[in-house]
Amino acid sequence: MHPLSAQDILRIWEQGQTQHPVDRALSVLAASMAMPREALAALSLGQRDAHLLTLRELTFGTALKGFTECSRCGERLEYALDTASIRVPCRQEQTEFELEAAGFELRFRLPDSGDLVAITGCPDPASARRLLVQRCVLTAHYHETAVAPGDLPDEAVARLAAHIEEADPQAEVRFAFKCPACGHRWQGLFDIAAFFWAEITAQAKRLLREVHTLARVYNWRELDILAMSATRRQCYLEMVS
Ligand SMILES: [Zn+2]
């Protein structure tokens with residue numbers, strides 16, 4: 001894995017304009033990792049997010065700054081944290097798991113990017129959870145009789161969904177907020193894929209402005225301007241401003 005270069009950032013951002021957010025996350029990883037796209041798509045969501053976090057550290061550093069809004073009073077809350085505080089220690093690279101839920105013996109895998117795309121068409125969270133479970137259950141037995149994953153009762157589906165979350169903790173990073181204005185407390189989800197994409201978008205637009213300024217003054221090509229180190233580009237920008 002290598003940090004995203006200025007050229008990488010512009011290329012990914014341009015491609016991403018017509019991509020689903022799940023595909024954008026894969027494009028970001030594909031630009032930096034020597035791994036076929038299908039293999040990246042088959043990573044569990046927690047493994048995907050762990051790689052995105054590492055790439056974000058390499059590209060923009062470990063400090064994360066963002067903001068959220070209080071759902072009760074609308075107050076804007078800024079937060080600053082370090083990537084280390086949201087990284088879950090890596091567990092064994094297991095791909096198949098077993099669970100006994102409501103009398104059913106289940107063998108299952110963890111959800112990946114393909115599953116995430118598949119559930120986007122679901123009308124509500126309950127049907128999304130059911131579809132996810134159907135896709136991820138490899139075999140199900142009740143007293144040694146095979147059962148179709150679609151026929152599992154709600155209780156077994158709920159147990160399995162909770163177990164999947166536990167088995168892939170990096171996929172669901174939550175942290176506690178407290179609103180300083182009204183005292184409201186809640187748990188927020190941190191989505192590294194969306195966070196990193198917003199940063200890539202901002203950086204792409206900044207780079208285009210820099211290219212525009214320097215190309216207009218010096219007549220340099222976009223390729224040459226982007227190939228410079230950020231430090232050198234900033235020096236030229238200071239001289240022309
Ligand atoms: Zn509030």
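Structure summary
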item	result
Filtered residues of segment 119-143 (kept if touching an Asp or Glu at 6+ places or on another chain (Cβ under 8 Å) and of a type in the set (D, E, K, R))	Arg135
Count - residues of segment 5-26 that are part of a loop (DSSP other than H, G, I, E, B) and more than 15 Å from Lys205 (Cα to Cα)	3
Hits in segment 40-73 (condition: more than 16 Å from the ligand (Cβ to nearest atom) and assigned to a loop (DSSP other than H, G, I, E, B))	Ala42, Leu43, Gly61, Thr62
Residue count for segment 74-98, restricted to those that are among the small types (Gly, Ala, Ser) and within 16 Å of the ligand (Cβ to nearest atom)	1
Given (1) within 16 Å of the ligand (Cβ to nearest atom); (2) surrounded by 14 or more Cβ atoms within 10 Å (Cβ to Cβ), number of the condition Cys182 does not satisfy	(2)
Test: residue in segment 172-179 that is touching a strand residue (DSSP E or B) at 6+ places or on another chain (Cβ under 7 Å), basic (Lys, Arg) and surrounded by fewer than 19 Cβ atoms within 10 Å (Cβ to Cβ)	yes
Cross-chain or 6+ apart pairs with Cβ under 6 Å, segment 128-147 first and within 10 Å of Glu105 (Cα to Cα), then among the β-branched types (Val, Ile, Thr)	Ala140/Val147
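Where a number appears in this text, it was derived from the coordinates with a stated rule and is not lab data. Computed from a predicted model, the values in this text were never measured in an experiment. Note: ideal-geometry Cβ built from the backbone for every residue, glycine included; neighbour counts use all protein chains shown.
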